[in-house]
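*Asks:* The structure is given below, and queries will be raised subsequently.
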Amino acid sequence: MTRAAITELILETFRLNGRLLAAGDALVRDLGLTSARWQVLGAVAMSRVPLPVSHTARSMGLSRQGVQRVADELEARGIVRFAPNPHHRRARLVLLTERGRALYEAAAERQGPWAAALSDGLPVEAATGLLRAQRDRLEGTPAGGDDDEP
């Protein structure tokens, strides 16, 4: 891949991210969610075990502080709750409430048809593989590291 090609891929990824966030906001706005809230809600809902904010942020490639801010918003709205963490006194676990589970399921119902229409006829598996390989390379370099963790 040439330097110009990878630069264009990066710029197109930024543009796509912006469009995905705007479309996600529109898709779940009437549920009282934003793309950021939906993203954190989904990470909590899809985790096999309850995790603290720092682990959730790391798995999403986001800053701990940003995810903490969104988790605090979700808690204030009764969508998640914090529970003691037996492994770390200060890093509480994030859990869905019943309301949170219902909101996640409502958003997921909408996401299915939206994603199907968005991906129709596109080489999604190949694109996913390319993006994952690029992310893996970034995570293997100092520039892709997680600097906000203590």
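*Asks:* Among what's in region 2-16 and is of a type in the set (A, V, I, L, M) and more than 13 Å from residue 130 (Cβ to Cβ), pick the residue that is surrounded by the most Cβ atoms within 10 Å (Cβ to Cβ).
*Replies:* 11
*Asks:* Could you check region 66-97 and list, in sequence order, the residues that are of a type in the set (Val, Ile, Thr) and in a helix (DSSP H, G or I)?
*Replies:* Of everything in region 66-97, those that are of a type in the set (Val, Ile, Thr) and in a helix (DSSP H, G or I) turn out to be 67, 70.
*Asks:* Follow-up question, since we're still on this one. I'd like to verify a number: residues in region 1-48 that are over 30 Å from residue 82 (Cα atoms) and polar (S, T, N, Q), how many?
*Replies:* Adding up the residues that qualify gives 3.
*Asks:* Residue under question is residue 5, and the condition is that it be more than 25 Å from residue 112 (Cα to Cα), in contact with a Ser or Thr (Cβ under 9 Å, 6 or more places away or on another chain) and modelled with pLDDT under 95; does it hold?
*Replies:* no
*Asks:* State the number of residues belonging to region 79-92 that are touching a helix residue (DSSP H, G or I) at 6+ places or on another chain (Cβ under 7 Å), under 13 Å from residue 52 (Cα atoms), hydrophobic (A, V, I, L, M, F, W, C) and modelled with pLDDT of 95 or more.
*Replies:* Selection size over region 79-92: 2.
*Asks:* Restricting to region 112-132, give me the number of residues that are surrounded by 10 or more Cβ atoms within 10 Å (Cβ to Cβ) and not in a helix (DSSP H, G or I).
*Replies:* 1
*Asks:* Test residue 135 against the stated conditions and say whether it is surrounded by 15 or more Cβ atoms within 10 Å (Cβ to Cβ), closer than 26 Å to residue 23 by Cβ and at pLDDT below 95.
*Replies:* Spelling it out, it is not the case that residue 135 is surrounded by 15 or more Cβ atoms within 10 Å (Cβ to Cβ), closer than 26 Å to residue 23 by Cβ and at pLDDT below 95.
*Asks:* Taking interchain pairs and intrachain pairs at least six residues apart, which have beta carbon atoms under 6 angstrom, with the first residue in region 110-136 and free of Cβ contacts under 8 Å to residues at least 60 places away in the same chain and the second surrounded by 12 or more Cβ atoms within 10 Å (Cβ to Cβ) and part of a helix (DSSP H, G or I)?
*Replies:* none
*Asks:* For the structure I just gave you, tell me whether residue 44 is not in a helix (DSSP H, G or I) and not polar (S, T, N, Q).
*Replies:* So residue 44 does not fit the description; no.
*Asks:* If you take the residues of region 20-38 that are under 15 Å from the mean Cα position of the chain (by Cα) and surrounded by fewer than 19 Cβ atoms within 10 Å (Cβ to Cβ), which of them is nearest to residue 132 (Cα to Cα)?
*Replies:* Here the residue is 20.
*Asks:* Counting only residues that are in a helix (DSSP H, G or I) and among the aliphatic types (A, V, I, L, M), which one in region 47-65 is nearest to residue 133 (Cα to Cα)?
*Replies:* 60
*Asks:* Just the residues that are in a helix (DSSP H, G or I) and in contact (Cβ under 8 Å) with a residue 24 or more places away in the chain, please, taken from region 1-38.
*Replies:* 9, 13, 23, 27, 28, 31, 36, 37, 38
*Asks:* Taking the condition modelled with pLDDT of 95 or more, among the hydrophobic types (A, V, I, L, M, F, W, C) and surrounded by fewer than 19 Cβ atoms within 10 Å (Cβ to Cβ), does residue 76 pass?
*Replies:* yes
The values are calculated or read from the model by the stated rules, or taken from the named source; none is laboratory data. Note that the structure is predicted; figures quoted are calculated from it, not measured. Don't worry about glycine lacking a Cβ; one is built from the backbone with ideal geometry, like all the others, and counts go over all protein chains shown.
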